[in-house]
Structure formats: structure tokens, C-alpha cells
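Shown next, in C-alpha cells, is the structure this report addresses.
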Amino acid sequence: QVQLVESGGGLVQAGGSLRLSCTASGRTFKIYTMGWFRQAPGKEREFVAAISWGRSRTSYAESVKGRFTISRDNAKYSIYLQMNTLKPEDTAVYYCAAAERSLTWSRYDYDYWGQGTQVTVSS
């Protein structure tokens, strides 16, 4: 199995920045893609960004393009989400996820999930 642990959430004012981190452990050789999803109260979990482990290809939701950047550190089996120009609508629980398949935005393709970290953006 693969275990994922997120960190870095918190409370920030609109226009501010936060950086989320996620570290994988366990059977990490199974991982081909890692990504971030988020879920706001009363809404479905939605894709935010993903990065492939081999070629570092990335994919972003339209709502975060130009504001969020996903990156990875192979040696640490970690990914990061740099979130800039945050908006109140970015408020959600952010989940790290890992997939045993190539780059994908569908939450149904992800096999492993972290417990989530709360991001709150005040107006």
C-alpha cells in the first residue's frame, strides 16, 4: 500500500499564498501520477492539479491555471502545490492523491488518498 500525508493548510486572506506538501511512503514504486483535489462543503471533490512521476507532465483545472503550481521532489517522494492569489472560492479541504496510471484528472483513477488539509481563504 501507499500512504500519503499532507501538510501546509491554514487560514489566509484573499490575495495571499499558501504551499501544500504531500509525502508518499510505502510501496511508492506503484505510483505513476500524483495530484491534488479539493472538496468544499456541500460540493463534490474536484480536480485541482496533477503531475506525472516520469516526465513531470502537469495538468491543471481551469479555475487555478496561472495561480497554482504543482511540483515534485523525486528523492523525497513528495509533491507540492504552490497557491498564489488565493480567492475565497478556493476554500476547501485539499487532498493529495496517487494513481497507478498515467496523468489523469479523474478522481476515480486515483488509488490512494491522504486525509486532507484545510485551506480557508477569508475575504
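The peptide list 36-46, 18-28, put in order of mean Cβ contacts within 10 Å with the highest first, becomes 18-28, 36-46.
Taking the accessible area of the chain, probe 1.4 Å, and keeping the other protein chains in place, the carbon and sulfur fraction comes to 46%. Working note: Karplus 6.51/-1.76/1.60 with θ = phi - 60° gives region 28-43 the couplings 5, 5, 6, 7, 10, 9, 10, x, 10, 10, 9, 9, 8, x, x, 10 Hz, where Gly and Pro are set to x. Based on protein heavy atoms only, the chain ends up with 52 Å² per residue of surface accessible to a 1.4 Å probe. With N set to the residue count of the chain, report its C-alpha Rg divided by 2.2 N^0.38 Å to two decimal places. Cα-based Rg divided by the globular estimate yields 0.97.
Only beta bridges with both residues in the chain are counted; by DSSP, about 90 percent of them are antiparallel. Bridging of K30 to lysines at a Cα separation below 25 Å is possible for K76, once same-chain residues fewer than 8 apart are set aside. Using the alpha-carbon positions of region 1-41, Rg (one decimal) and Dmax (whole number) come out as 13.3, 38 Å. Translational D (Stokes-Einstein, µm²/s) of region 30-98 at 25 °C and 0.890 mPa s when Rh comes from the Kirkwood sum over C-alpha pairs? Taking Rh from Cα pairs, D becomes 196 µm²/s. Spacing of the modelled spin labels on Q39 and S25, each 7 Å from Cα toward Cβ, amounts to 2.4 nm.
The values are calculated or read from the model by the stated rules, or taken from the named source; none is laboratory data. Computed from a predicted structure; not experimentally measured. Cβ: placed from backbone, ideal geometry, glycine included. Neighbour counts: every protein chain shown. Protein only, heavy atoms only, side chains kept; ligands, DNA and RNA dropped before computing areas. Shrake-Rupley method; radii C 1.70, N 1.55, O 1.52, S 1.80 Å.
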